[in-house]
Structure formats: C-alpha cells, structure tokens
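Chemist: Structure in structure tokens, see below.
The values are calculated or read from the model by the stated rules, or taken from the named source; none is laboratory data. Just so it is clear, the structure is predicted and the values come from calculations on it, not from any experiment. A quick note on method: Cβ atoms are made from the backbone with ideal geometry, for glycine too, and the neighbour counts reach across all protein chains shown.
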Amino acid sequence: MGFVELDVDGNSQGNSGKIGLGGHMRDNEGKWLAGVSSIGGFDTNLLPELLDIKHGLVLAWNQGYRKIICNLDSINASRRIHDGNFIFQKLGVVIVDKKKLLSREWEVHLLHLLRETNSCADFMAKHGARNLAEICIHGRIHLQV
C-alpha cells in the first residue's frame, strides 16, 4: 500500500472554550479507512490543533499504517512541532509526545493545507466537541448499491 492521507483538525468553541478533535484517514485512491472524533475539555485554540495530530497519528499507528501524509490547517501547530517551541509547558508536553510518535519506525510527512480544503476533519472536530464520549473511532462504512 502507498501513503495513507490523514486529515486532522481541532477547534475551540470560544477562546478559551470547549474543544473538539477530529480527523479521518483515506487510502491512496481516496477511500475512507477510519475516522476519529473526540472531546478534549476546555482550552484555547492551539491545544486542540496539537492534540488532534497526536490522536490521528496514534489511530494510524494502531491501524498498522506506516506511510502517512498528515494534513493540517494550523500553520501555528505545524511550526511548533517542527521547531520544538516549548513556550507553554502544557503545550510543550503535547509537542514532546508528538516528537516521540514521529520518531517511530514509519514515514510521516506533516503538510499544511488551507482550512477550506479540510472540511471533513473540521466536521469531525465539531462532532467531537458535541460528543459525550471521550473518543469515537469511526470505521469503514460498507454501502451496498
């Protein structure tokens, strides 16, 4: 199998507010593989953007995928991961976690994309903020036509 695309998004309903995390994976043909949505407590906008990357990468690893293109719409989160910027201790812990994930035996590319092209992950993040469950894994959907 080629690369799996992982689109992730996190949001805060207000700043600081209720946060939701979401993402989905698709194969190199664009077919849905799995999705994740989660509630993350209350915080500012940056924390959910970082946490959603972690949740998505853990989902990909646990599903056995080892070649990942991770698309995110937060340039701020992407820069913090690449730079290892630890201005906020709470955020620093999240970044360290992701660096551990990225150092595993797999190939992961973090790419920035425009918010407008990340609507499915945005929907999953908003769904996560409305959820009562801590985390929901959404598997393949088999439709018969």
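Chemist: Report yes if Asn85 is at pLDDT 65 or above, at negative phi and of a type outside the set (A, V, I, L, M), otherwise no.
Modeler: Working: at pLDDT 65 or above: no; at negative phi: yes; of a type outside the set (A, V, I, L, M): yes.
Spelling it out, it is not the case that Asn85 is at pLDDT 65 or above, at negative phi and of a type outside the set (A, V, I, L, M).
Chemist: Of everything in region 1-55 that's part of a strand (DSSP E or B) and among the basic types (Lys, Arg), which residue is farthest from Leu110 (Cα to Cα)?
Modeler: First, the residues of region 1-55 that are part of a strand (DSSP E or B): 4-14, 17-26, 32-43.
From the residues that got through so far, the ones that are among the basic types (Lys, Arg) too are 18, 26.
On the way: Lys18: 26, Arg26: 15 Å.
Ranking the candidates gives Lys18 first.
Chemist: Applying the selection to region 23-58, what residues are among the small types (Gly, Ala, Ser), over 17 Å from His112 (Cβ atoms) and either crowded, with 24+ Cβ neighbours inside 10 Å or touching a Lys or Arg at 6+ places or on another chain (Cβ under 6 Å) (or both)? Steps first, please.
Modeler: Step one: filter region 23-58 for residues among the small types (Gly, Ala, Ser), giving 23, 30, 34-35, 37-38, 40-41, 56.
From what is left, the residues that are over 17 Å from His112 (Cβ atoms) are 30, 34-35, 37-38, 40-41.
Across region 23-58, the qualifying residues are Gly35, Ser37, Ser38.
Chemist: Looking only at region 56-73, which residues are assigned to a loop (DSSP other than H, G, I, E, B) and under 15 Å from Gly139 (Cα atoms)?
Modeler: Pass one, region 56-73, residues assigned to a loop (DSSP other than H, G, I, E, B): 63-66, 73.
If the condition is that a residue be assigned to a loop (DSSP other than H, G, I, E, B) and under 15 Å from Gly139 (Cα atoms), then Gln63, Gly64, Tyr65 are the ones that fit.
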